[in-house]
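If you scroll down you'll find the structure; I have some questions about it.
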Amino acid sequence: MISIIIPIYNTQQYLSECLESIIHQTYLDFEVILVNDGSKDNSKEICLDFCKKDSRFRLIEQTNSGVSAARNNGIKNSHGKYIAFVDSDDVIASDYLKVLYNAIKDCDMSNCDLSFNKMKLNTGDICIRKYSPQEVVNAYQSLSMRNLGITCSLFKKDIIDRIGLQFVVGCYVNEDTEFVLKYVANCETIAVSSYIGYFYREVGTSAMHKLTKKSLTSIDASRRIEEYLWNKSLIKRPNCFIEAGIMNYIFKSAILSDREIYEYLHSEYNIKQISKTMFKHPKFRRRAVSKCYYYLGKRLFWLFGGAGKVFYSIYLNKYQ
């Protein structure tokens, strides 16, 4: 059985569509664990309606504690051999579970592709390619595997339990990547398909579109990821994740004209030195941003960043 864990907080606008897409799965052996994280809208009522409609749906309520705590609560209360995560404002294709289940049979994790266009669901090649943990880590560092997140993936519950894996409560950005990469580090093989089974809805109010001090918890996540992968001998040099994360927020704070974050990062880190170490990053965009900072310096990079807002929509989709 597959346990589908859905953290929910004030998503009444999209929740019914999300849950309907689960009811219409061609793979039938699943349970849905709805974790209501203290929603103040009608999300709870929508969940109760689906629980009445389908006995495979269960509602768990908690005081507002964040998405990481909600997902941990879902894992704790799951009964399935496999774990899948779906965000409450997204939609999955009808064959989503079937494709992931068929792919994971002789692997430790399966993964499919996503789209920002709902019309592309149920398209793409189902052909499976198998990766080693090292290949997945390399793909993450080069940004060539964009869907490396907890959604689009199927996990084995016994591996999660064996390594005591949880989401870090209090981490607001990059917590999903931390979970996935720590899981990957304990796999033998990972099955990846280009089948588009997941529609990711871009919502302007999401954490990915904001910049606050909470966003910087992703740097701490990068540090934990780095230490974990270094101990597993899956990265070749220290600080590669942290450097990328810091330069990400240097660029983002300049683009968004967030002087507080920009100055804070400069007070905590040697940005000049970090930008130089990024010259050999495998992704051109990150090398380019780092070189711009290194040669322009703090003041001019800030000024040019403010003039670069027109490119920010491209950045949101490709740079992160």
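The values are calculated or read from the model by the stated rules, or taken from the named source; none is laboratory data. Just so it is clear, the model here is predicted, and its values are computed rather than measured. Don't worry about glycine lacking a Cβ; one is built from the backbone with ideal geometry, like all the others, and counts go over all protein chains shown. SASA here: full protein model, heavy atoms, side chains in, ligands and nucleic acids out. Shrake-Rupley method; radii C 1.70, N 1.55, O 1.52, S 1.80 Å.
Checking the condition of a type in the set (D, E, K, R) and under 20 Å from E175 (Cα atoms), which residue from R224, R286 passes? Walk me through how you get there before you give the answer.
Working: R286 fails: under 20 Å from E175 (Cα atoms).
After applying the criteria, what remains is R224.
Another one. Taking the condition modelled with pLDDT of 95 or more, part of a helix (DSSP H, G or I) and out of contact with any Ser or Thr (no Cβ under 8 Å at 6 or more places or on another chain), does S267 pass? Don't jump to the end; show me each part of the working.
Values: modelled with pLDDT of 95 or more: yes; part of a helix (DSSP H, G or I): yes; out of contact with any Ser or Thr (no Cβ under 8 Å at 6 or more places or on another chain): yes.
Against the criterion (modelled with pLDDT of 95 or more, part of a helix (DSSP H, G or I) and out of contact with any Ser or Thr (no Cβ under 8 Å at 6 or more places or on another chain)), S267 qualifies.
What residue, of R237, R299, R223, R285, is open to solvent by 60 Å² or more (accessible area, probe 1.4 Å), part of a helix (DSSP H, G or I) and either modelled with pLDDT under 90 or of a type outside the set (D, E, K, R) (or both)?
Numbers: R237 fails: part of a helix (DSSP H, G or I); R299 fails: either modelled with pLDDT under 90 or of a type outside the set (D, E, K, R) (or both); R223 fails: either modelled with pLDDT under 90 or of a type outside the set (D, E, K, R) (or both).
Of R237, R299, R223, R285, the one residue that is open to solvent by 60 Å² or more (accessible area, probe 1.4 Å), part of a helix (DSSP H, G or I) and either modelled with pLDDT under 90 or of a type outside the set (D, E, K, R) (or both) is R285.
I would also like to ask the following. So, of the residues in the range 265-282 that are open to solvent by 80 Å² or more (accessible area, probe 1.4 Å) and without any contact (Cβ under 8 Å) to a residue 60 or more places away in the chain, which turns out to be farthest from I246 (Cα to Cα)?
Of all residues in the range 265-282, those open to solvent by 80 Å² or more (accessible area, probe 1.4 Å) come to 267-268, 270, 272-273, 276, 280, 282.
Okay, now just the ones that are also without any contact (Cβ under 8 Å) to a residue 60 or more places away in the chain, so 267-268, 270, 272-273, 276, 280.
Values: S267: 12, E268: 10, N270: 10, K272: 11, Q273: 12, K276: 13, K280: 16 Å.
So the residue we want is K280.
Follow-up. For residues that are in contact with a Gly (Cβ under 8 Å, 6 or more places away or on another chain) and without any contact (Cβ under 8 Å) to a residue 60 or more places away in the chain, tally how many sit in the range 25-41. Can you show your working first?
Taking the range 25-41 and keeping what is in contact with a Gly (Cβ under 8 Å, 6 or more places away or on another chain), we get 30-31, 33, 35, 37.
Narrowing further to those that are without any contact (Cβ under 8 Å) to a residue 60 or more places away in the chain: 31, 33, 35, 37.
Number satisfying all stated conditions: 4.
Considering only the range 135-157, I want to know if a residue exists there that is of a type outside the set (F, W, Y) and more than 23 Å from K182 (Cα to Cα).
So in the range 135-157, the residues of a type outside the set (F, W, Y) come out as 135-139, 141-154, 156-157.
Add one more test, that the residue is more than 23 Å from K182 (Cα to Cα), and what stays is none.
No, the range 135-157 has no match at all.
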